[in-house]
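To start, the structure under review is shown below, and the notes come after it.
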Amino acid sequence: VLLNPQFSDSSTLQFRVVTYNILADIYAIQQMFPYCPKWALSWRYRRVRLLKELESYDADVICLQEVQQDHFQQYLLPEFTRMGYE
């Protein structure tokens, strides 16, 4: 991390970054997760819980991995917009 030396109080530069692997629906299959009930692998079930968890981190920046484009456009983008993210 590079900080501008003119800032002597580093607390003014604090921000929270969260990175999270969503687990793309195409990988959330019973063969890969045989110990997990099929209903718990469904995007319909996971999306609500994922969003609640991400929201609880109160991050300034959220980075996501394994996000399917349709899931992002149809669900995550509107929800993140509602939460104040750009």
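The values are calculated or read from the model by the stated rules, or taken from the named source; none is laboratory data. None of the values given here were measured: they were computed from a predicted structure. Because the Cβ atoms are built from the backbone with ideal geometry, glycine has one as well, and the counts that use them run over all protein chains shown. Please note that ligands, DNA and RNA were not included when accessible areas were found on the heavy atoms of the full protein model with its side chains. Shrake-Rupley method; radii C 1.70, N 1.55, O 1.52, S 1.80 Å.
Tell me, what is the percent relative contact order of the chain, built from C-alpha pairs under 8 Å that lie six or more residues apart?
It comes to 40 percent, rounded to a whole number.
With unit charges on the beta carbon (Lys/Arg positive, Asp/Glu negative), name the residue among VAL17, TYR27, GLN69 whose Cα is farthest towards the positive pole of the charge dipole of the chain.
The residue sitting most towards the positive pole is TYR27.
Between TYR35 and TYR20, what length comes free when the chain is fully extended (0.36 nm per residue of separation minus the Cα-Cα distance, one decimal in nm)? Working shown, then result.
Numbers: separation 15, 0.36 × 15 = 5.40 nm, distance 2.16 nm.
Full extension of this stretch gives 3.2 nm more.
Rounded to a whole number of µm²/s, how large is the Stokes-Einstein D of the chain at 4 °C and 1.567 mPa s, given Rh as the Kirkwood radius over C-alpha pairs?
For these conditions, the coefficient is 86 µm²/s.
Report the net charge of residues surrounding LEU41, where surrounding means a beta-carbon distance below 13 angstrom and charges are Lys +1, Arg +1, Asp -1, Glu -1.
Working: positive: LYS38, ARG44, ARG46, ARG47, ARG49; negative: ASP25.
The answer is +4.
Enter the angle in degrees (range 0 to 90, nearest 10) between the Cα long axis of helix 43-56 and the first principal axis of the Cα atoms of the chain, meaning the one along which they spread out most.
The two axes meet at around 20 degrees.
What accessible area per residue, rounded to a whole number of Å², is obtained for the chain using a probe radius of 1.4 Å?
77
Multiplying the sequence separation of LEU64 and TYR45 by 0.36 nm and subtracting their Cα-Cα distance, what value in nm do you get? Write out the running numbers ahead of the final one.
Values: separation 19, 0.36 × 19 = 6.84 nm, distance 1.81 nm.
Going from the current span to full extension adds 5.0 nm.
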